[in-house]
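Have a look at the structure below, then the notes.
The values are calculated or read from the model by the stated rules, or taken from the named source; none is laboratory data. Everything quoted here is computed from the prediction, not taken from an experiment. All Cβ positions, even for glycine, are placed from backbone atoms using ideal geometry, and neighbour counts span all protein chains on display. Just so you know, the surface numbers come from the protein's heavy atoms only, side chains and all, with ligands and any DNA or RNA stripped out. Shrake-Rupley method; radii C 1.70, N 1.55, O 1.52, S 1.80 Å.
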Amino acid sequence: ASPILPPPVTLHDVFKKGVHTITGSVEARNACTTVTAQASLEGASPEAQNIRVALSLESDAGVCLQMPTRVNFSTTLVAPAQLPLTATVNGLAATTTAP
């Protein structure tokens with residue numbers, strides 16, 4: 001069996017007055033899936049820091065059209081400028097793309 005790979009995540013970061021506003025989208029299994037995003041600063045030293053965007057996809061138990069749907073999210077974080085972004089989906093490292 002092949003491993004389950006998380007869907008790719010599109011990330012867009014706007015830095016203003018010390019705050020990163022990170023928006024993006026991820027492909028969910030269907031339109032009833034909800035996504036929550038939480039950004040955190042990771043790394044022990046300033047040179048090794050990055051921003052991790054942890055996405056949680058929750059499937060709705062209701063009746064829903066089973067078609068992949070892009071779901072948007074937004075999160076904010078106070079952190080230094082020019083930090084690389086990484087993303088996880090339900091705890092698994094995801095590939096990221098720019099919008």
Inset, instruction - With a cut-off of 17 Å, note down the residues of segment 71-96 whose backbone N falls inside the zone around a label point 7 Å from the Cα of residue 12 toward its beta carbon. - result: 71-77, 85, 96
Legend entry - Dipole moment magnitude, nearest 20 debye, the chain about Cα centre, only Lys, Arg, Asp, Glu C-beta charged: 180
Inset, instruction - Using the 2.2 N^0.38 Å rule of thumb for compact globular proteins, work out how the chain stacks up: its C-alpha Rg over that value, please. - result: 1.15
Inset, instruction - Compute the signed sum of charges (Lys and Arg +1, Asp and Glu -1) over the other residues within less than 12 Å, Cβ to Cβ, of residue 69. - result: 0
Legend entry - Computed label-point distance, nm, for sites residue 50 and residue 64 using a 7 Å Cα→Cβ extension: 2.8
Inset, instruction - Taking the dipole about the Cα centre of the chain, with the C-beta of Lys and Arg at +1 and of Asp and Glu at -1, give me whichever of 94, 71, 30 is farthest to the positive side. - result: 71
Legend entry - Average accessible area per residue (Å²) across the chain - probe 1.4 Å, nucleic acids and ligands excluded: 63
Inset, instruction - Keeping the other protein chains in place, figure out the carbon and sulfur percent of the accessible area of the chain, with a 1.4 Å probe. - result: 58
Legend entry - Candidates 47, 27, 58, ranked by Gaussian network fluctuation over the chain, Cα under 10 Å, top entry: 47
Legend entry - Estimated inter-spin distance, residue 72 and residue 27, nm [label 7 Å along Cα→Cβ]: 2.0
